[in-house]
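The values are calculated or read from the model by the stated rules, or taken from the named source; none is laboratory data. Everything numeric here is computed off the predicted structure, so don't read it as measured data. Positions of Cβ are generated from backbone atoms using ideal geometry, with glycine treated the same way; all protein chains shown enter the neighbour counts.
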Amino acid sequence: MRIIMLGAPGAGKGTQAKKIAEKYNIPHISTGDIFRANIKNGTELGVKAKSYMDQGLLVPDELVVDLVADRIQQDDAKAGYVLDGFPRTIPQAESLDAALAKMGQKIDYAVDVEVPDENIVNRMSGRRACVKCGATYHLQYAKPKAEGVCDVCGEQLILRDDDKPETVQKRLGVYHQQTQPLIDYYENQNVLKEVDGTKDMEEVFADIVSILG
Ligand code: AP5
Ligand code: MG
């Protein structure tokens, strides 16, 4: 099963993608997580990506397209995957389609997690993230067992640099301008499924499972 997660920053793409990956036993491929891991490790890609991410801007398409095309050809992605944070622009979606066509594959579902902008800023300021394993928490809605420590791997949790309210506003603007057009793009491919992302996390997941089967 090949799935794309769509939705505004903070809509819960990562939260739901993790659950989908576990239930259906497919890899969770988050371009944001890949960039953050590269920043943490001080790679060349990380240095380039950071300057865009910290401003709430998208990283240029050419830094992300080949990376994802390589990733989806790895052995663990043969039975499918859940893409989180990619594609994010029409050119990215077109290059994904081209890569899939070469492999004789297609996307089965594009799941759009819908949350109005008003709810987003509050969610982001309470989010805490683990840069080591990608786990995500929330001070109110998804607390870690021990304050400030990742349940999964024991690493210290951080407030992402791009989760400051002014940067979140910027990311929302970028989302509406560059990423929202993908909703029509995937609707035209007849793979779009919309879920109400304002519900409780478990309810959102149940709605997604009823779509994926
Ligand atoms: P990325 O890491 O993908 O960030 P994003 O799309 O802005 O999305 P987030 O990760 O912020 O939100 P999410 O939807 O995953 O929400 P989450 O589940 O964490 O990208 C970061 C940056 O990298 C971009 O700005 C860009 O610069 C660059 N980048 C990445 N991919 C790129 C690409 N393809 N092209 C170009 N640039 C790229 O949930 C948010 C919070 O809410 C959490 O605390 C969570 O616990 C809580 N929560 C989740 N669901 C619920 C719920 N139902 N109720 C209450 N709380 C909830
Ligand atoms: Mg995320």
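Identify all residues within region 183-202 that are of a type outside the set (Ser, Thr, Tyr), surrounded by 13 or more Cβ atoms within 10 Å (Cβ to Cβ) and within 15 Å of ligand 1 (Cβ to nearest atom); write none if there are none. If the condition is that a residue be of a type outside the set (Ser, Thr, Tyr), surrounded by 13 or more Cβ atoms within 10 Å (Cβ to Cβ) and within 15 Å of ligand 1 (Cβ to nearest atom), then Ile183, Glu194, Val195, Gly197, Lys199, Met201 are the ones that fit. Taking residues in region 144-165 that are free of Cβ contacts under 8 Å to residues at least 40 places away in the same chain, and partners anywhere that are of a type in the set (S, T, N, Q), the pairs with Cβ atoms closer than 7 Å and at least 6 places apart or on different chains are Gly148/Gln156; Val149/Gln156; Asp163/Ser125.
Here Gly46 meets the list (1) more than 15 Å from the chain's Cα centre (by Cα); (2) closer than 25 Å to Pro165 by Cβ; (3) assigned to a helix (DSSP H, G or I); (4) in contact (Cβ under 8 Å) with a residue 24 or more places away in the chain almost entirely, failing just condition (4). Scanning region 62-90 for residues that are assigned to a loop (DSSP other than H, G, I, E, B), within 23 Å of Gly10 (Cβ to Cβ) and out of contact with any Leu (no Cβ under 8 Å at 6 or more places or on another chain) turns up just one, Gly85. Restricting attention to region 172-182 and to residues that are surrounded by 13 or more Cβ atoms within 10 Å (Cβ to Cβ) and either modelled with pLDDT under 95 or among the polar types (S, T, N, Q) (or both), the residue that is farthest from Pro91 (Cα to Cα) turns out to be Gln180. Just need a number here: residues in region 9-28 that are assigned to a loop (DSSP other than H, G, I, E, B) and within 7 Å of ligand 1 (Cβ to nearest atom). The total comes to 4.
Taking the stated definitions as given, is Ser210 polar (S, T, N, Q), part of a helix (DSSP H, G or I) and either more than 19 Å from the chain's Cα centre (by Cα) or over 27 Å from Ala77 (Cβ atoms) (or both)? Spelling it out, Ser210 is indeed polar (S, T, N, Q), part of a helix (DSSP H, G or I) and either more than 19 Å from the chain's Cα centre (by Cα) or over 27 Å from Ala77 (Cβ atoms) (or both).
Taken over region 1-60, the criterion of being within 17 Å of Asp108 (Cα to Cα), within 11 Å of ligand 2 (Cβ to nearest atom) and surrounded by fewer than 23 Cβ atoms within 10 Å (Cβ to Cβ) is satisfied by His28 alone.
Listed here are the residues, each with its yes/no results for (1) assigned to a loop (DSSP other than H, G, I, E, B); (2) at pLDDT 95 or above; (3) aliphatic (A, V, I, L, M); (4) touching a Lys or Arg at 6+ places or on another chain (Cβ under 7 Å).
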{"site": "Gln92", "(1), (2), (3), (4)": "no, yes, no, no"}
{"site": "Ser95", "(1), (2), (3), (4)": "no, yes, no, no"}
{"site": "Leu100", "(1), (2), (3), (4)": "no, yes, yes, yes"}
{"site": "Val111", "(1), (2), (3), (4)": "no, yes, yes, yes"}
{"site": "Asn119", "(1), (2), (3), (4)": "no, no, no, no"}
{"site": "Asn122", "(1), (2), (3), (4)": "no, no, no, no"}
{"site": "Lys132", "(1), (2), (3), (4)": "yes, no, no, no"}
{"site": "Tyr137", "(1), (2), (3), (4)": "no, yes, no, yes"}
{"site": "Gln140", "(1), (2), (3), (4)": "yes, no, no, no"}
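Here region 73-108 is the region considered, the condition is being under 14 Å from Ala21 (Cα atoms) and surrounded by 14 or more Cβ atoms within 10 Å (Cβ to Cβ), and the residue that is nearest to ligand 2 (Cβ to nearest atom) is Asp84. In region 111-168, the residue that is nearest to the chain's Cα centre (by Cα) out of those that are polar (S, T, N, Q) and under 30 Å from Tyr185 (Cα atoms) is Thr136. One residue stands out in region 41-54 among those that are out of contact with any helix residue (DSSP H, G or I) (no Cβ under 7 Å at 6 or more places or on another chain) and more than 23 Å from Ala93 (Cβ to Cβ): the one that is nearest to ligand 1 (Cβ to nearest atom), namely Ser51.
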